[in-house]
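Asker: A single structure is presented below for examination.
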Amino acid sequence: MKSLMSKTFKRKLVLFLAFASSLFLVLHGPLAASKIAEGPKESPQSQSVLSLLEKFGIASSHLPLCPPSVVEAELNAVAEAQIQWVRCVFAWSDMQPNPGQWIFTGTDRVVEMCRARKIRILGILLASPPWANGGRPWNYPPSDMQAWYNYVFTVCSRYRGKVSAWEIWNEQNIHAFWMPDPDPVQYVNLLSVASSAIRAADPSAKVVMGGVAGLDPAFLNQCLAAGAHRYIDALAYHPYPETLQQNNFKPQEEHCRNIVAFVRWLISVYTSRPIEVWITEFGWTTCPASPPGVGEHTQAAYILRSFLNYSKTDINMVFLHSLRDDLLTEYEYYGILRNDFSKKPSFGYYKNFNVLYGESQLALPGLVQVSCSFPGDLEEHHVLLPDGSLVVSLWNSEDNQDSANVEIADQRYREPLTVDMGTGVQSPTPNVSRGPDGRLRISALTIGRNPVVLRFARLTAPYILSVTPEVCDPGGLLTINGFNFGAQQGTGAVYFGTTKATEYTSWSNNTVVVRVPIGLVPGSHLVKVVTPEGESNVVAVKVFGILSIKPDYGVSGTVVDPFEITGAGFRSGAAVRIQRDASIIHGRDVVFVSDEKIRCKLDLGGAPLGKYDVIVSNPDGKEAKAAQAFRVTNACGGGAAISLALFGMTFWLVSMVGAGLNRKKTHG
């Protein structure tokens, strides 16, 4: 909450927090240094749980203190921009100025107006009334912890099921919000009491540790060491750019990705609980003072860059500060609205980010190739939209102008449109060509501080993004993910090469679950989806099984060396055996050549004559069997090896023990 910071204090804060990371690394050695230098740990799973619409919110810190007309105007703007979260204070000193006196007018208004617009709330619990902290200012923590518990329980009970998450205090690592001196142990005590009250009042609400100013890893570490992880669902921090790196007001994309990974690691040092990572404040002021002020168009570009950057990390929530300029101090121009409710360029950028990217998913690597003069400063972001469109965003992280070339290998994308993120208008992109190979190429695309956003519309033919598993069993299930499959199967079908599947467990526009035809020959097959709109791309899958063996016989009392099995889906560490009733001969010196070939030795000393099953057992217990494929003969009965191929037959999988009928049991 920037409004409480003076100009002098802010300068001191910048110096202090820029120093904090270095101090922490000195105290905690090279391990911490290596973790903060690691790249981001992207998490497709967390990406799929929440849409980007649900992961980005905005702060209007003092909204409950505003007149009804202002609250209505602000929340109408939030709804217009399709923002689904708002962060504001439920300040104790305002709600209970005296013991037994409760004032809910402002908070009731905000909660009900948010519910009417389906806007979720992150409420901040803070600010002691003088009667509960020894007559001192609001930024002194309470000395009466029972009164603190009663306040938290009362507020959270009143808004049970109406406020989604509660943040306990704010920037408790700096003097502006915690006097006389920030104290991690004292804060964790306050946090534990609040957490207990929230769990009792509204178990469905999330408990968020108060966002620390900047990153301040030393303070975070001390809080976790004091047990903070036991009381929270999420840990929060406020990465204003000037608090991360002195005099650097750019988004610092790579540094911010590294911080997310570092915070995840720091949490993992203390607990295996799935604690989320939230950013509950960050932003840029457009105040006249420069620095820290930036121009309004720069603010818009930086916000968009940060949203795109954080959306490809496993951050759980991000709140921009703020909705509207407060003008309480000379710095309070952080809003995407001016104080008079007129819209800055950043309002349009936020709105069109939600419109364009709100339901997007990260595209698979390799779909887009970009080259430029300064690749070390290139930031690129590729996503797929629900309609199959590809959106490519490019910029220079150091705000320098550069020239880029873009190539799209998939020939079924249309020529791109350039999206104006301020207005949402899409217009043809210049310098686009399509080569004889069908690839789209954009040459001499100018990129710089402001992201260039290109939208490649998708033809209506189906498209496969991934298949699971990559090695499947005849008769087993294969899950195909992609788009344009159609809401219902209709005449749609899945083909394994030229073999048409006949059984489907489910069919939707983005996912098809199909049963692998039982008669498929082991090996690689090209899978495609065919609908009335056309044919999809093809993706290779392997059908597990034995295709052939060499030799197919051996003389009792001798050693067959080498015994070679070809097929598909073999794994390193696989075992080989031949089996006839109770007679089992295990392959010796098994050599894993590839997933399609295994060699070993068969010692046939004392082996009974007759036909044997050949069995390959993968380390996961999955087994493939070629029934009666190997013959043990006597010394005079064999003659030259007779291959099945000499009879004009292809020897392939006769039966499969890995199709879910006879797998070894494993224990998790």
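The values are calculated or read from the model by the stated rules, or taken from the named source; none is laboratory data. Quantities reported herein were computed from a predicted structural model and do not represent experimental measurements. Note that each Cβ is placed from the backbone with ideal geometry, even for glycine, and that neighbours are counted across all protein chains shown.
Asker: Which residue pairs have Cβ atoms under 6 Å apart, sit 6 or more places apart or on different chains, and have a first residue in the range 421-432 that is modelled with pLDDT of 95 or more and a second that is surrounded by fewer than 12 Cβ atoms within 10 Å (Cβ to Cβ) and not hydroxyl-bearing (Ser, Thr, Tyr)?
Answerer: From residues that are modelled with pLDDT of 95 or more, the pairs are 431/444.
Asker: List pairs: first in the range 439-465 and part of a loop (DSSP other than H, G, I, E, B), second among the hydrophobic types (A, V, I, L, M, F, W, C) and modelled with pLDDT under 90, Cβ under 7 Å, 6+ apart or cross-chain?
Answerer: Within 7 Å, the pairs are 439/409.
Asker: If you take the residues of the range 530-557 that are small (Gly, Ala, Ser) and crowded, with 17+ Cβ neighbours inside 10 Å, which of them is farthest from residue 611 (Cα to Cα)?
Answerer: Just the residues of the range 530-557 that are small (Gly, Ala, Ser), to begin with: 534, 536, 540, 545, 548, 554, 556-557.
This time we only want the ones that are crowded, with 17+ Cβ neighbours inside 10 Å, so: 536, 545, 548, 554, 556.
Numbers: 536: 45, 545: 19, 548: 15, 554: 10, 556: 12 Å.
For the range 530-557, the residue satisfying everything is 536.
So that you can scan it fast, the table gives a plain yes or no per residue for (1) touching a His at 6+ places or on another chain (Cβ under 6 Å); (2) surrounded by 18 or more Cβ atoms within 10 Å (Cβ to Cβ); (3) among the acidic types (Asp, Glu); (4) closer than 21 Å to residue 294 by Cα:
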position	(1), (2), (3), (4)
325	no, yes, yes, yes
335	no, yes, no, yes
357	no, yes, no, no
372	no, yes, no, no
384	no, yes, no, no
413	no, yes, no, no
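Asker: Something else: If I ask for residues that are over 26 Å from residue 234 (Cβ atoms) and touching a Ser or Thr at 6+ places or on another chain (Cβ under 7 Å), which ones from the range 103-131 would you list?
Answerer: Hit for the range 103-131 is 129, nothing else.
Asker: Limited to the range 578-603, what total is found for residues that are touching a residue at least 24 places away in the same chain (Cβ under 8 Å), within 15 Å of residue 632 (Cβ to Cβ) and surrounded by fewer than 19 Cβ atoms within 10 Å (Cβ to Cβ)?
Answerer: Number satisfying all stated conditions: 5.
Asker: Let me ask something else. For the range 433-452, name all the residues that are buried (at least 18 other Cβ atoms within 10 Å of the Cβ) and among the aliphatic types (A, V, I, L, M).
Answerer: Matches in the range 433-452: 440, 442, 445, 447, 452.
Asker: While we're looking at this one, here's another question. Checking the conditions here, which among 134, 123, 100 is of a type in the set (Gly, Ala, Ser) and either outside the structural domain of residue 321 (by TED's automatic domain parsing) or within 35 Å of the chain's Cα centre (by Cα) (or both)?
Answerer: On the way: 134 fails: either outside the structural domain of residue 321 (by TED's automatic domain parsing) or within 35 Å of the chain's Cα centre (by Cα) (or both); 100 fails: either outside the structural domain of residue 321 (by TED's automatic domain parsing) or within 35 Å of the chain's Cα centre (by Cα) (or both).
Going through 134, 123, 100 in turn, the sole match is 123.
Asker: Could I ask something else about it? Would you confirm whether any residue within the range 159-181 is part of a helix (DSSP H, G or I), over 20 Å from residue 86 (Cβ atoms) and touching a residue at least 40 places away in the same chain (Cβ under 8 Å)?
Answerer: Residues of the range 159-181 that are part of a helix (DSSP H, G or I), as a first pass: none.
Checking the range 159-181: not a single residue is part of a helix (DSSP H, G or I), over 20 Å from residue 86 (Cβ atoms) and touching a residue at least 40 places away in the same chain (Cβ under 8 Å).
Asker: Against the condition touching a Lys or Arg at 6+ places or on another chain (Cβ under 6 Å) and modelled with pLDDT of 95 or more, how does residue 282 come out, does it pass? Working first, answer last.
Answerer: Working: touching a Lys or Arg at 6+ places or on another chain (Cβ under 6 Å): no; modelled with pLDDT of 95 or more: yes.
Against the criterion (touching a Lys or Arg at 6+ places or on another chain (Cβ under 6 Å) and modelled with pLDDT of 95 or more), residue 282 does not qualify.
Asker: On the given criteria, is residue 389 over 20 Å from residue 309 (Cβ atoms), surrounded by 14 or more Cβ atoms within 10 Å (Cβ to Cβ) and not basic (Lys, Arg)?
Answerer: Yes: the conditions hold for residue 389.
Asker: OK, next. Restricting the range 472-489 to residues that are buried (at least 18 other Cβ atoms within 10 Å of the Cβ) and of a type in the set (A, V, I, L, M, F, W, C), which is farthest from residue 361 (Cα to Cα)?
Answerer: Among those that are buried (at least 18 other Cβ atoms within 10 Å of the Cβ) and of a type in the set (A, V, I, L, M, F, W, C), it is 472.
Asker: Now for a separate question. Which of the numbered conditions does residue 154 fail, given that it passes all the others? Conditions: (1) surrounded by fewer than 22 Cβ atoms within 10 Å (Cβ to Cβ); (2) under 27 Å from residue 222 (Cβ atoms).
Answerer: (2)
Asker: Also: For residues that are within 21 Å of residue 170 (Cα to Cα) and either hydrophobic (A, V, I, L, M, F, W, C) or without any contact (Cβ under 8 Å) to a residue 24 or more places away in the chain (or both), scanning just the range 233-261, find the one that is surrounded by the most Cβ atoms within 10 Å (Cβ to Cβ).
Answerer: 236
Asker: In the range 67-83, is there at least one residue being more than 23 Å from residue 349 (Cα to Cα), touching a helix residue (DSSP H, G or I) at 6+ places or on another chain (Cβ under 7 Å) and either of a type outside the set (Phe, Trp, Tyr) or not in a helix (DSSP H, G or I) (or both)? Can you show your working first?
Answerer: To start, the set of residues in the range 67-83 that are more than 23 Å from residue 349 (Cα to Cα) comprises 67-69.
Of the ones still in play, those that are also touching a helix residue (DSSP H, G or I) at 6+ places or on another chain (Cβ under 7 Å) are 68.
After this cut, where a residue has to be either of a type outside the set (Phe, Trp, Tyr) or not in a helix (DSSP H, G or I) (or both) as well, the list is 68.
There is at least one residue in the range 67-83 that is more than 23 Å from residue 349 (Cα to Cα), touching a helix residue (DSSP H, G or I) at 6+ places or on another chain (Cβ under 7 Å) and either of a type outside the set (Phe, Trp, Tyr) or not in a helix (DSSP H, G or I) (or both).
Asker: Something else about it: Name the one entry in 197, 261, 213 that is assigned to a helix (DSSP H, G or I), in contact with a helix residue (DSSP H, G or I) (Cβ under 9 Å, 6 or more places away or on another chain) and within 24 Å of residue 128 (Cβ to Cβ). If you could, list the steps in order and put the result at the bottom.
Answerer: Working: 261 fails: within 24 Å of residue 128 (Cβ to Cβ); 213 fails: assigned to a helix (DSSP H, G or I).
The match here is 197.
Asker: Of everything in the range 269-292 that's of a type in the set (A, V, I, L, M) and not in a loop (DSSP other than H, G, I, E, B), which residue is surrounded by the most Cβ atoms within 10 Å (Cβ to Cβ)?
Answerer: Here is the first cut: in the range 269-292, the residues of a type in the set (A, V, I, L, M) are 269, 275, 277, 279, 289.
Checking the rest, the ones that are also not in a loop (DSSP other than H, G, I, E, B) come to 269, 277, 279.
Details: 269: 14, 277: 22, 279: 25.
Going through the qualifying residues, I end up with 279.
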